[in-house]
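The values are calculated or read from the model by the stated rules, or taken from the named source; none is laboratory data. All values reported here derive from a predicted model rather than from experimental measurement. In this analysis, Cβ positions are derived from the backbone assuming ideal geometry, glycine residues included, and neighbour counts consider all displayed protein chains. What goes into the accessible areas is simple: the full protein's heavy atoms, side chains included, and nothing from ligands, DNA or RNA. Shrake-Rupley method; radii C 1.70, N 1.55, O 1.52, S 1.80 Å.
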Amino acid sequence: MASPASTNSVEEIRLHSDIVDVIQRYVPLKKAGRQFKACCPFHKEKTPSFQVDPEKQFYYCFGCHAGGDVFKFVMQYENVEFLEAARILADRAGITFEPRATAAGGAAATPRTDLYRLHEQLAAWYHQNLKQATAAEKARAYLAERDLSAAVEPFQLGYALPSGTALARWADQEQIARSLLEQAGVLLPSDRGGAPYDRFKGRLMFPIRNEQGRIVGFSGRVLDASSPAKYVNSPETPLFKKSRLLYGLDRARQAMVDARQALVCEGQIDVIRCQLAGLLHTVAPQGTALTEGHAALLKRYADEIVLVFDADNAGQTAALRAVEPLFGEGLTVRVAQLPAGEDPDSLIRQRGATAFTQLIEQAPDVITFQLHALRARGELDSAAGRTRAVRAVLETIRHAPSAVQREDYVKIAARLLEASPDALWQDLQRLGRPATTRATATAAPPPPPPTDYPPQETTLIELMVAHPEVLDLVNQFVPPEAITHPVCRTIMETIMRLPDPGERALPTYLTGQADAVQQLAARIQMSARCITGDEISCLHAAQDLILNLRIRMLDRRIQQCRQQLGADPDAAQTRTVENERTQLVLLKKRLEALWIAKRWDEAVPILELDD
């Protein structure tokens, strides 16, 4: 696939984009010998089958067969074309990337690229407003009052000027198209037919970043009672998907991997307070209930989730609703019990990080939390209330991902309810398992089996990758028509053109090629091994494969002759084709005998004659 990027610029980006460093920004990797392993980000699995080779700079999944170089990974993960993947990597490496003009003469840009750039510019402008604008004095005072001044720089907090037209004027000065501001959802049309205005005017601004740290949207907090909505978020855009974003995840990922635990709060200020206090593994959903998408994100980095929601009824309800998607990803869940009227921000400010950490450590399992909440509401004080409580608790237990967890939760419930575990088990069994769970209802179908490529062709490519010394032999005795599969032919032709085939991994020479080409190249690179010790020599192995391929090629030519004989009634033409078929059959028999006897030297003149 042709790319409007020059070879030199692509190679410079590759040179500054170590594949392990890049992939670790998306997926937590673990060292496994000379390679790195992880659960594949492209299909659902429990046992890691995704491998990254730091020496050869490529990845391959033995489960779904995804594979390729660093560009291919970004393309596949971000769901972007090659040019956008190159831009992402160039930005990360601090490289100026100037792609060639497209055939139409315009700049080779994409809408997502423009939106990413716009959000960076907006965040910088809002940030500058907060620090310098006279109109932002109220916002600065608010942050000082809440002891959040230290968060301004690390979280790039900002302020949207109260004048509704300030954003449009700034955009005009920066030569930013208003249509792009409208696409990002920050510039809204006036209800009264006047000038468009800033969605966030007069609000404290929180840039929202995806897990790679790129700004994809904003959340704005009101500073007075002028609006009934305390927070306003960016609308859904090609970049901003609330159900797939967790505030603070870009800063929290490594700490979550280290602790195998995540703290989940309700809002941005709670996350900021926790992270400033050293609890870096803290995140929050973006103004919405915790979804299956959030749970899947958390599963990449943690095994246990501690929910730290407000102590009021709404917070308790939100915590219990979050349990089902978290259980659906096989996560363990505990719920911290905050004192009445407190949230993580107020608790840390008033009692310190140590007290908050102790509360996290003492957080009970979800069933204990649920029963304590039900008892506090008086649900266990009557027979009818107790029945409702039992049903609610069993409803939670039946979503637990494993039989062991369900058994443990039944024991806990029985103890706290002073009920028989057997009786609870009977009621639980009557409820049955959930009719739909993430694991069964919405999971992606199992990965497809690998494409059935001709084994002789893939084995020869493996040999060429592991032993470049056989290339001369292949070049001399394997004509293009001997390779039947177009993907195999593309890879072989690429190898034959390389000045130094062993210098880099095969997938890195196939940047921009079709998915099937990159996947097979990665599979071959991962499987290729050198022939050593008492094994047959690499040259003998190549000779064996070449003879096999040439015999198969003769088979196809013989079959073509048979088809011609059946289709052409012309007598003279028939005699010519019959003679050719007879010669091919004799040639094939001779080569088969030499192949079985492993007499390569005698086969060479026949191969040269057939060429």
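Once the Cα atoms are used to define both axes, helix 515-527 deviates from the longest principal axis of the chain by about 80 degrees.
Axis of helix 313-328 versus longest Cα principal axis of the chain: the two differ by about 20°, to the nearest ten degrees. Whole-Hz Karplus values for the stretch 346-357 come out as 5, 5, 5, 5, 8, 10, x, 5, 5, 4, 5, 4 Hz, taken residue by residue from phi with 6.51 cos²θ - 1.76 cosθ + 1.60 and θ = phi - 60°; glycine and proline positions read x. The length gained by stretching the chain between ARG433 and THR317 to full extension, at 0.36 nm per residue less their Cα-Cα distance, is 39.6 nm. For the chain, the share of accessible area belonging to carbon and sulfur comes to 49 percent (1.4 Å probe, ligands and nucleic acids excluded). Excluding ligands, DNA and RNA, the accessible surface per residue across the chain is 47 Å² with a 1.4 Å probe. In the chain, helical runs assigned H by DSSP with n ≥ 4 each contribute -39500 (n - 2.57); averaged across all residues and rounded to the nearest 500, the mean residue ellipticity at 222 nm is -16000 deg cm²/dmol. Electrostatic tally near ALA168: other residues with Cβ closer than 14 Å to its Cβ, Lys and Arg +1, Asp and Glu -1, net 0. Once C-alpha pairs closer than 8 Å and six or more residues apart are averaged by separation and normalised to the residue number of the stretch 122-269, the relative contact order reads 18 percent.
Looking at this model, which pairs from LYS31/LYS241; LYS31/LYS56; LYS37/LYS72; LYS30/LYS241; LYS138/LYS230; LYS31/LYS299 are more than 26 angstrom apart at the alpha-carbon? With Cα atoms farther than 26 Å apart: LYS31/LYS241; LYS30/LYS241. The DSSP beta bridges internal to the chain are antiparallel in roughly 75% of cases. Normalised by the number of residues in the chain, the mean separation of alpha-carbon contacts (under 8 Å, six or more apart) gives a relative contact order of 10 percent.
In this Cβ point-charge picture (+1 for Lys and Arg, -1 for Asp and Glu), the chain has a dipole of about 1520 debye about its Cα centre. If the chain linking ASP224 and ALA593 were pulled fully straight, counting 0.36 nm for each residue of separation and taking away their Cα-Cα distance, it would gain 123.7 nm. In degrees between 0 and 90, to the nearest 10, how far off the longest principal axis of the chain does helix 403-417 point, with axes built from Cα atoms? Computed tilt is about 10 degrees.
Mind giving me the FRET efficiency for GLU407 and GLU81? R0 is 41 Å, r the Cβ-Cβ distance, nearest 0.05 is fine.
Values: r = 50 Å, r/R0 = 1.21.
The computed FRET efficiency comes out at 0.25.
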